[in-house]
1. Would it be correct to say that residue 102 is at pLDDT below 90, aromatic (Phe, Trp, Tyr) and farther than 16 Å from residue 257 by Cα?
2. Anything in the stretch 72-98 that is small (Gly, Ala, Ser), over 22 Å from residue 190 (Cβ atoms) and in a helix (DSSP H, G or I)? List them, or say none.
3. May I ask you to say which residue of 69, 6 is outside the structural domain of residue 133 (by TED's automatic domain parsing), assigned to a helix (DSSP H, G or I), out of contact with any Ser or Thr (no Cβ under 7 Å at 6 or more places or on another chain) and buried (at least 17 other Cβ atoms within 10 Å of the Cβ)?
4. Considering (1) touching a residue at least 12 places away in the same chain (Cβ under 8 Å); (2) exposed (fewer than 12 other Cβ atoms within 10 Å of the Cβ), say which one residue 56 fails and leave the rest.
5. For residues that are under 27 Å from the mean Cα position of the chain (by Cα) and either within 15 Å of residue 116 (Cα to Cα) or outside the structural domain of residue 117 (by TED's automatic domain parsing) (or both), tally how many sit in the stretch 216-259.
6. Looking at the stretch 68-85 only, could you name the residues that are without any contact (Cβ under 8 Å) to a residue 12 or more places away in the chain and under 21 Å from residue 135 (Cβ atoms)?
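The values are calculated or read from the model by the stated rules, or taken from the named source; none is laboratory data. Given the structure is predicted, the values throughout are model-derived calculations rather than measurements. Every residue, glycine among them, receives a Cβ derived from its backbone with ideal geometry; neighbour counts consider all protein chains shown.
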Amino acid sequence: MLIQEILEGNENRCYQDFRLTKSVFLDLCHDLTNKYGLKPTRGMSIYEEVGIFLMICAHNCGNRLIQEIFNHSGETIHNHFHRVLIALLLLAKDIIRPHPQYNGGKGFHKPQNPKYKPFNDCIGALDDTHVKAKLPRGEEIPYIGRKGYHTQNILAVVDFNMCFTFAWAGWEGAAHDCRIFSKALRREELGFPHPTGNKYYLVDAGYPHTWGYMSPYKGENVRYHLEDFRRAQTRQLCAPTGKKEKFNYLHSSCINIVERTFGV
């Protein structure tokens, strides 16, 4: 059986196939079984179910290829993929959430680098990112984003320890960031972690400057994105000038924690 060969073989094979080490893979299967209701079926074990799901996600495999690898029908692959997905969504509700004392200023969520001193009361960064998506035929058009291919727009909040404290996926690639943000603020059932007291989140220039959310300075002659500074021809021109650009440079560098966290 393929899944047994993978788990009993070299440690590197499990990581290459599932993007998880063997110990983490086994712990994940154990948690999904005991805490989130994922059950084996007559024709498929828990390990095989989770392995199929991870291989599809890790390598962007299609249903047809997974049929060949695991020797199951397309309908079986489809059904078990969604069984694991439902269990993982329940898991996500438990692990993607802030620490109970998050807004109390405790923990390592604050920027640790001394150069980010202006953001001492910042408890995280909020931004949207686009991830490639596959859509059923006839539903593709709303998901064509600014880069010309199908994406879903994901709103995420991360702390400076590179941990997600909120994530909302599934929005169309064409949806504006502010629209998703305003919906998250209004829908109480999402559990959006609102800042309290003198705490706040960093947001980029596309978001409104409201209480609890610090956005950069805007203007035609004020640079913000790191690429705007780096594309200058000389080192002198690359350096930020004036207090607004200096603030924007640190702000852009600090909020980049969101993209770095997704990258990891």
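1. yes
2. Once the filter is applied, which keeps residues that are small (Gly, Ala, Ser), over 22 Å from residue 190 (Cβ atoms) and in a helix (DSSP H, G or I), the stretch 72-98 yields only 74.
3. None of the other options fit; the residue is 6.
4. The failed condition is (2).
5. Looking only at that region, the number is 12.
6. Selection gives 74, 75, 79, 82.
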